[in-house]
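First comes the structure, then the notes that go with it.
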Amino acid sequence: MPAEIQDNGLREILRRYPTGVTIVTALLDGKPWGGTMNSFTSVSLDPPLIAIFVMEKGRTTTAINQTGKFVVNILKFNQEKEAKQFASDNVPDKFLDVSYRESSNGIPIIEGSLGYIECDLYDAKKISDHIMFLGKVTRSEVTIDEEALVFYRRAFRSFTGTV
Ligand SMILES: Cc1cc2nc3c(=O)[nH]c(=O)nc-3n(C[C@H](O)[C@H](O)[C@H](O)COP(=O)(O)O)c2cc1C
């Protein structure tokens with residue numbers, strides 16, 4: 001049965017909604033961990049809150065719950081390799097060949113990203129098979145003022161210009 005019939009075309013329309021790409025980093029058993037996430041959105045400026053939606057059974061969920069601290073790294077157009085690496089369940093070391101430094105709260109900040117948002121866990125809610133994590137922003141910085149990596153129609157892309 002075609003996917004359109006199974007889900008009323010939901011996947012097809014969602015694929016046509018472009019998003020940025022982030023790697024959400026945290027510490028898992030005290031060691032650097034990260035997962036590629038495009039379900040990132042701003043929530044409010046006062047207080048400064050952001051949200052991500054993470055699979056309940058994934059290790060990123062475990063990592064965020066362990067310390068209550070995480071960083072959202074906003075990827076630059078040339079970080080497709082990092083996006084794929086952190087989306088893979090099979091890599092022995094997610095940080096292989098990835099440079100990072102530590103945030104003020106000890107969480108990895110991925111070098112070469114556009115910028116990062118350090119968060120303290122503000123609230124969490126189970127929604128279906130995902131957890132909605134609300135993060136209170138403790139620090140944020142644009143580190144490289146260049147174009148973002150974009151995910152659209154199941155492919156990583158970069159902007160080609162203004163309309
Ligand atoms: C472009 C892209 C966006 C993704 N966005 C999310 C997301 O928002 N939430 C999520 O739970 N997984 C998302 N994933 C899948 C995770 O990156 C993948 O499951 C990864 O292994 C996370 O590690 P974990 O499952 O051990 O936590 C995305 C994957 C890709 C390629």
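Annotations
- If R0 is taken as 25 Å, the Cβ-Cβ distance between N8 and N90 corresponds to a FRET efficiency of 0.20.
- Fewest-first sequence of E147, E82, E118 by Cβ atoms within 10 Å of each Cβ: E147, E118, E82
- Segment 19-154: relative contact order in percent, alpha carbon pairs under 8 Å with at least 6 residues between: 31 percent
- In this structure, the residue pairs whose Cα-Cα separation is over 26 Å, taken from K81/K125; K31/K57; K76/K126; K31/K84, are K81/K125; K76/K126.
- Between S99 and F156, the simple label model (points 7 Å from Cα in the Cβ direction) yields a spacing of 1.8 nm.
- Fluctuation leader among I131, I74, I23 - the chain, Gaussian network, Cα springs under 10 angstrom: I131
- Overall form of the chain per C-alpha gyration tensor (a/c, 1.5; a/b vs b/c): rounded
- Once the Cα-Cα distance is subtracted from the 0.36 nm per residue extended length, the I127 to K31 segment shows a gain of 31.8 nm.
None of the figures in this text is laboratory data; all of them are computed from the coordinates on show. The shown structure was predicted, so the numbers you read here are calculated from the model rather than taken from an experiment. Using ideal geometry, Cβ is built from the backbone for each residue, glycine included, and neighbour counts are taken over all protein chains shown.
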